[in-house]
Amino acid sequence: MIGLGIHPGDAVAVLSPTSFEWMLLDLAILSVGAVTVPVYETDSASQIHHILTDAHVVHAFTATSQQADLVESVRTDALRQISSLDRGALRELASAARRVDPEEVEARLATQTSADIATIIYTSGTTGEPKGVVLTHANFVGTTKAVRQILPEVIDSPDTRLLLFLPLAHVLARFVMHAVLSGRGTLAFSPDVKRLLPDIQAFRPTVLLAV
C-alpha cells in the first residue's frame, strides 16, 4: 500500500465478495494508517458515486474487471487508481512492496493510535442514500475484547473453524472476522452463497455466522 502511494488517513474502497483477498486488503489498508471503505456488491452506480465522493476515496480495489468498469463509470476527481483482483491487483501490490523499506512499514505502525479512523462503513442504501459510519481502531479492539469475555471458548480455541459467507461490507461479518483473527481459530471464506453447502462440506466449520 505504501508503494502505491497510500498515505495515513487516505480512504481506500474495497468492492468484492467475502473472500481471503478481502481480508488481505483490509489488513494491508489498516496497517499503513489508511481507512478501509467497504462497498456492497449490490450497490448501484449512483450509490457507489456517493460513497466515493463522501469518503474522498483515493484508490479502489474490485474483485472483477466488470466491477472496475462500474467504478470507472462514476469516477471522482479524488480517485487516483482502480485495481481489480482478476487483473492482477495482488501482483501489483507485491511489486510495489519491493520499492518500500521495511523500516517505513514499522514507522507507519508505530505512529498509529487506537483513536485513528479504521473504516467508514456505509449502510446498504435500502432506506435512502448510504450513510457513512466512522469506526476507529478502538471500536474494533474494544468489541473484540468484549466478545472474548463472553465467548472465550470460541475466540481462544484452536479448534474453532469459522466459515464466513455474509458480506464483509457489513460491520457484523467484518467484526467477527477481526475477532477470530485475534484468537487461535481458523478462518475461511465462501464468496458465493450458491457454493455454501459444498464449502461447508469441504471446510467442516464448527461456527457459522448467519442471519
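Brief remarks on what is shown
- Residue match in region 32-43 (condition: at pLDDT 95 or above and over 22 Å from residue 117 (Cβ atoms)): no
- Of all the criteria given as (1) open to solvent by 40 Å² or more (accessible area, probe 1.4 Å); (2) in contact (Cβ under 8 Å) with a residue 60 or more places away in the chain; (3) more than 17 Å from residue 169 (Cα to Cα), the one not satisfied by residue 75 is (2).
- Complete set of residues in region 48-72 that are open to solvent by 40 Å² or more (accessible area, probe 1.4 Å) and in contact with a helix residue (DSSP H, G or I) (Cβ under 8 Å, 6 or more places away or on another chain): 64, 70
- Conditions (1) open to solvent by 30 Å² or more (accessible area, probe 1.4 Å); (2) farther than 22 Å from residue 126 by Cβ; (3) touching a Leu at 6+ places or on another chain (Cβ under 7 Å): number failed by residue 45: (2)
- Flag if residue 99 is at negative phi, at pLDDT below 95 and surrounded by 15 or more Cβ atoms within 10 Å (Cβ to Cβ): no
- Matching residues in region 146-182 - criterion: being in contact with a helix residue (DSSP H, G or I) (Cβ under 8 Å, 6 or more places away or on another chain), in a loop (DSSP other than H, G, I, E, B), closer than 19 Å to residue 27 by Cβ and open to solvent by 20 Å² or more (accessible area, probe 1.4 Å): 166, 167, 182
The values are calculated or read from the model by the stated rules, or taken from the named source; none is laboratory data. Given the structure is predicted, the values throughout are model-derived calculations rather than measurements. All Cβ positions, even for glycine, are placed from backbone atoms using ideal geometry, and neighbour counts span all protein chains on display. Side chains are part of the model used for accessible areas, which takes the heavy atoms of the whole protein and leaves out ligands, DNA and RNA. Shrake-Rupley method; radii C 1.70, N 1.55, O 1.52, S 1.80 Å.
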